[in-house]
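Trainee: Structure incoming, see below.
Just so it is clear, none of the values below were taken in a lab; they were calculated from the coordinates. Computed from a prediction, not measured in an experiment: that's the story for all the values here. Methodologically, a virtual Cβ is constructed for each residue, glycine included, from the backbone with ideal geometry; neighbour enumeration extends over all protein chains shown.
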Amino acid sequence: MADKAILPGATLGVLGSGQLGRMFTIAARRLGYRVHVYSPDTDTPAGQVGDAEYVAAYENLDRVRDFARGVSVVTFEFENVPSPTSRAAAELAPVRPDGEVLHLTQQRLREKNFLQSHGFPVTPFRQINALADLEAAARDLGLPAVLKTASFGYDGKGQQKLKSAAELPEAFARLNGAEGIYEAFVDFEKEISVVAARTVDGEFAAFPVFENAHANHILDVTFAPAAIPDELSREAVKLAQGILEALNVVGLVTVELFVTRDGRLLVNELAPRTHNSGHLTIDACVTCQFEQQLRAVCGLPLGSTELRRPAAMANLLGDIWLAAGGQPDWSAALRDPLVKLHLYGKAEPRAGRKMGHLTATGATVEEAVARVRAARGRLVKT
Ligand code: AMP
């Protein structure tokens with residue numbers, strides 16, 4: 001492996017320029033790499049800390065090739081990069097994870113079909129192209145259910161919960177011609193995620209399982225270790241390993257899962273990249289998810305994923321700025337010396353926009369959660 005490794009000093013390319021790219025870039029710089037970032041936007045979270053910011057449409061394949069020519073490897077922080085973009089980049093540099101993984105995870109139907117055909121547990125689903133499909137799905141799989149657009153959904157965007165047959169025509173109309181996926185509603189007990197990396201040589205490492213609480217479909221608080229039996233954690237990691245192997249991933253992938261009330265695991269979705277639920281690894285694990293992504297895509301040995309202390313992360317959405325009428329009270333949040341602040345360099349706080357996060361560690365996971373929630377609560381003066 002060593003002779004193929006992309007070593008410190010090399011330049012790495014990131015497609016996408018949001019906070020995941022920013023934290024990847026910070027980790028890469030710590031290890032002595034340079035980072036070029038590509039996206040249609042300027043003054044981006046990742047661009048601000050990278051060595052070069054390529055500003056062009058993903059469809060501008062000449063510019064994509066220029067970008068790829070200047071780097072030793074291309075990775076992602078954003079999965080909705082069009083396939084032709086990753087193919088153009090792959091002419092000039094290895095793309096990790098490769099375009100196949102990206103293609104699969106961009107579309108919920110493709111992803112669920114892949115998972116199901118490989119024997120990974122998923123909630124029953126149907127493809128929706130016509131109102132008749134929706135009616136048939138409701139008959140076969142029952143209600144309630146969740147109707148999602150098959151492509152380009154995240155943070156609950158393009159999702160509708162369906163409760164009765166009377167809602168079907170309107171729900172179908174709201175798809176607005178887009179292909180849909182009908183999923184049986186999972187009355188889950190909790191949501192967890194496994195962030196895992198795999199190298200060219202097939203070395204695999206997963207972080208401890210994270211437990212995730214959402215608010216308004218957006219991740220709100222994550223803590224680790226998840227409050228689930230060890231046996232279930234092992235099973236979740238085994239599922240993740242099976243998925244990364246089936247996809248032949250080189251890089252880092254996140255597997256989001258539901259834990260059902262009867263203690264079963266169902267895979268909800270895959271992300272071919274680092275994940276919001278993995279942010280606590282920066283402050284709480286021996287190796288953070290961003291360094292692990294780097295190690296995997298550069299052909300270096302993976303780092304230890306050991307959780308040094310129980311930890312919790314709370315997202316900071318633009319809503320906090322709006323409630324504070326300006327800058328949140330950072331000093332008040334940081335009064336707890338076990339709380340760490342991460343901000344993404346986004347100028348404009350909008351409702352629902354991820355602006356940063358707080359992490360707290362503690363002697364127990366309950367303590368870490370209480371600390372991070374209390375710190376976030378102090379950001380807005382009452
Ligand atoms: P997704 O974009 O698929 O990750 O969905 C966002 C959130 O919606 C998930 O984290 C769940 O909280 C919820 N959700 C998605 N699919 C289902 C489902 N089939 N049953 C119940 N809740 C769901």
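Trainee: Which pairs break 31 Å Cα to Cα here: Lys190/Lys340; Lys112/Lys163; Lys163/Lys190; Lys157/Lys238; Lys4/Lys148?
Mentor: Lys4/Lys148
Trainee: Given the rule -39500 (n - 2.57) for each run of at least 4 DSSP H residues, summed and divided by the residues of the chain, what is its mean residue ellipticity at 222 nm, to the nearest 500 deg cm²/dmol?
Mentor: -9000 deg cm²/dmol, from helical runs alone.
Trainee: Ok, one more. Once you have the Cα-Cα distance between Glu231 and Lys157, take 0.36 nm times their residue separation minus that, and quote the gain in nm to one decimal.
Mentor: 23.3 nm is the gain from fully extending Glu231 to Lys157.
Trainee: Along the Cα→Cβ direction, 7 angstrom out, place labels at Ala165 and Asp201. What is the inter-label distance in nm?
Mentor: Distance between the two pseudo-spin positions: 6.0 nm.
Trainee: If you average the C-alpha positions of region 72-148 and of region 349-382 separately, how far apart do those two centres end up, in angstrom?
Mentor: Rounded to whole Å, the Cα centres lie 32 Å apart.
Trainee: Could I ask something else about it? Using the basic label-point model (7 angstrom from Cα toward the beta carbon), what is the Ala52 to Arg110 distance in nanometres?
Mentor: Label at Ala52, label at Arg110, 2.9 nm between them.
Trainee: Find the centroid of the Cα atoms in region 207-256 and in region 268-333, then give the distance between the two in whole Å.
Mentor: Computed from Cα coordinates, the inter-centre distance equals 14 Å.
Trainee: Taking neighbour Cβ counts within 10 Å as the exposure measure, how do Val365, Val55, Val14 sort from fewest upward?
Mentor: Ranked by crowding around the Cβ, least crowded first: Val55, Val365, Val14.
Trainee: What is the spin-label model distance, in nm, from Thr260 to Ala351 if the labels are put 7 Å beyond Cα along the C-beta direction?
Mentor: Between Thr260 and Ala351, the label points sit 3.6 nm apart.
Trainee: Suppose R0 equals 41 Å; then what is the FRET efficiency for Ala136 and Leu343 from their Cβ-Cβ distance, rounded to the nearest 0.05?
Mentor: That gives a FRET efficiency of 0.30.
Trainee: Which percent, nearest 5, of DSSP beta bridges in the chain are antiparallel?
Mentor: If I count the DSSP bridges inside the chain, around 80 percent turn out antiparallel.
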